Amino acid sequence: MEAMSAAEQVTDSLSRIAEMDIDVTQAVYGEYFARCPAAGILMGYSDPHMQGRMLEQTFALIMDPSLQGEDQYFRWEIGNHLMGYGVNKNMYLDYLESIRDCVKIALEEEWEPMHESGWQLRIQSLLDELMLLD
Ligand code: HEM
């Protein structure tokens, strides 16, 4: 069997939590706001549905090999975040790492070294891409 790409490794970890019927949304935002209180303030008015949609979109992006999402979604959304929501580029790392850590905790012993390295690579690529946008 061919080795999985980083995007496939991340996808594998996310399909497993889906199979286990685990919803990490609350854990992710709890963890994120603890690490980045400024984000908690910006998102203070967002309801759980909005948070769920944001997380879904983030999953979709991180699983997409091109990292663009449908219709160049990434570029558009980030522009929106930076201009419209007052989000800062340096708020992304904590967000993405909080997601990874919550998925890892949820998977327990099913979390494998390939998941660790897959997430590591995808987070890095996403941040690289982010830094290129203005
Ligand atoms: C790749 C990373 C991210 C993606 C794909 C993403 C995606 C989204 C989407 C799709 C929405 C709109 C949800 C809806 O109303 O249906 C949203 C809203 C928002 N996001 Fe993000 N987001 C990301 C990262 C971040 C980060 C790091 C912050 C930092 C605080 C942030 C702050 C917000 C805020 C403040 C809103 C609006 C909340 C509101 O209307 O109450 N996002 N995001």
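No value in this document is a laboratory result; all are computed from the given coordinates. Please read all numbers here as calculations on a predicted model, not as lab measurements. No Cβ is skipped: glycine too gets one built from the backbone with ideal geometry, and neighbour counts run over all protein chains shown.
If I filter the range 34-43 down to residues being hydrophobic (A, V, I, L, M, F, W, C) and within 9 Å of the ligand (Cβ to nearest atom), which single residue comes out as surrounded by the most Cβ atoms within 10 Å (Cβ to Cβ)?
Here is the first cut: in the range 34-43, the residues hydrophobic (A, V, I, L, M, F, W, C) are 34, 36, 38-39, 41-43.
Checking the rest, the ones that are also within 9 Å of the ligand (Cβ to nearest atom) come to 36, 38-39, 41-43.
Working: 36: 21, 38: 14, 39: 19, 41: 11, 42: 17, 43: 18.
By that ranking, first place goes to 36.
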Please go through the range 44-98 and give me each residue that is more than 9 Å from the ligand (Cβ to nearest atom), surrounded by fewer than 16 Cβ atoms within 10 Å (Cβ to Cβ) and of a type in the set (Gly, Ala, Ser), ordered by number.
66, 79
Across the range 85-100, the tally of residues that are in a helix (DSSP H, G or I) and under 18 Å from residue 44 (Cα atoms) stands at 5
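Report yes if some residue within the range 8-27 is within 8 Å of the ligand (Cβ to nearest atom) and part of a helix (DSSP H, G or I); otherwise report no.
Filtering the range 8-27 for residues within 8 Å of the ligand (Cβ to nearest atom) gives none.
Within the range 8-27, none of the residues are within 8 Å of the ligand (Cβ to nearest atom) and part of a helix (DSSP H, G or I).
When you go through 121, 126 one by one, which is the residue that is within 11 Å of the ligand (Cβ to nearest atom), assigned to a helix (DSSP H, G or I) and within 20 Å of residue 10 (Cβ to Cβ)?
Working: 121 fails: within 11 Å of the ligand (Cβ to nearest atom).
Of 121, 126, the one residue that is within 11 Å of the ligand (Cβ to nearest atom), assigned to a helix (DSSP H, G or I) and within 20 Å of residue 10 (Cβ to Cβ) is 126.
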Across the range 41-57, what is the total count of residues that are under 13 Å from residue 86 (Cβ atoms) and part of a helix (DSSP H, G or I)?
2
